[in-house]
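Accompanying notes for the structure given below.
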């Protein structure tokens, strides 16, 4: 099954600054997904990132706040811009590993962000 | 996407079977039923999925009602490591997963 390396695992940031989260997959994948999990809550999809095209954002999320890059089929970054305490959450990337021998979506271990 | 309804929490004793229910009365004919679980401080992990027939794998079994309006995830012998939030998710044409609130399973020693 696909293995995802997500960095950093956690960070404490000052309000007004930006943090870039990296997601590296050990195999080529077409679609990568970014989720946010606020404290005590379920996961909410931020955007879907396809290589070679602009990311597709879900309602309530905008590119200026959460710019995403997808330079190749194994890597993506999510930036949380101009952070405020309300951005304190766990951010996770995910890939679809539907192959002949494997099934399901694999998730990274997440980035725990605290904004102070 | 069609919605799912799950109990907020359930408890089980260790080494006993656990039946986690999920209602999805508005499911469409092409929606697959997926189950994921999220252990503490980890990302979700795939458990099982099915369309119409019951399914078994090394982790669990999935029992799907004949009308497909409900399903049950069955853990045959719960262990302490099975304590997690279990999510029942329907996927149709959309590729992404839409998570509900899930069921927090507590396994008692």
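Keeping to the range A:43-65, report how many residues are assigned to a loop (DSSP other than H, G, I, E, B), within 14 Å of the chain's Cα centre (by Cα) and within 14 Å of chain B (Cβ to nearest Cβ). Residues meeting the conditions: 3.
Yes/no per residue for (1) in contact (Cβ under 8 Å) with a residue 60 or more places away in the chain; (2) surrounded by 15 or more Cβ atoms within 10 Å (Cβ to Cβ); (3) farther than 30 Å from residue B:55 by Cα; (4) away from chain B (no Cβ under 13 Å):
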position: A:32; (1), (2), (3), (4): yes, yes, no, no
position: A:41; (1), (2), (3), (4): no, no, no, no
position: A:69; (1), (2), (3), (4): no, no, yes, yes
position: A:88; (1), (2), (3), (4): no, yes, yes, yes
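Looking at the range B:3-52, the strands (runs of 3 or more DSSP E) lying wholly inside it that each contain 3 or more residues that are within 26 Å of residue A:92 (Cβ to Cβ) and touching a strand residue (DSSP E or B) at 6+ places or on another chain (Cβ under 6 Å) sit at B:18-23, B:32-38, B:45-50. Scanning the range A:1-18 for residues that are closer than 23 Å to residue A:86 by Cβ and within 12 Å of chain B (Cβ to nearest Cβ) gives A:6, A:9, A:10. All conditions but one from (1) touching a helix residue (DSSP H, G or I) at 6+ places or on another chain (Cβ under 8 Å); (2) farther than 16 Å from residue B:8 by Cα; (3) surrounded by 21 or more Cβ atoms within 10 Å (Cβ to Cβ) apply to residue B:109; the one that does not is (3). If we scan the range A:105-116, do we find a residue that is in contact with a helix residue (DSSP H, G or I) (Cβ under 9 Å, 6 or more places away or on another chain), touching a residue at least 40 places away in the same chain (Cβ under 8 Å), part of a loop (DSSP other than H, G, I, E, B) and away from every other protein chain (no Cβ under 14 Å)? Yes, some residue in the range A:105-116 is in contact with a helix residue (DSSP H, G or I) (Cβ under 9 Å, 6 or more places away or on another chain), touching a residue at least 40 places away in the same chain (Cβ under 8 Å), part of a loop (DSSP other than H, G, I, E, B) and away from every other protein chain (no Cβ under 14 Å). Among the residues of the range B:59-89, those that are part of a strand (DSSP E or B) and within 14 Å of chain A (Cβ to nearest Cβ) comprise B:62, B:84, B:85, B:86, B:87, B:88, B:89. When restricted to residues that are within 12 Å of chain A (Cβ to nearest Cβ) and either at pLDDT 95 or above or surrounded by fewer than 16 Cβ atoms within 10 Å (Cβ to Cβ) (or both), the range B:2-43 contains 11. Against the list (1) away from chain B (no Cβ under 12 Å); (2) assigned to a loop (DSSP other than H, G, I, E, B); (3) under 20 Å from residue B:43 (Cβ atoms), the condition residue A:21 fails is (2).
Here residue A:82 meets the list (1) in contact with a strand residue (DSSP E or B) (Cβ under 9 Å, 6 or more places away or on another chain); (2) loosely packed, with under 15 Cβ neighbours inside 10 Å almost entirely, failing just condition (1).
The values are calculated or read from the model by the stated rules, or taken from the named source; none is laboratory data. Owing to the predicted nature of the structure, the values given are computational and were not obtained by experimental measurement. Glycine also receives a Cβ, built like all others from the backbone with ideal geometry; neighbour counts cover every protein chain displayed.
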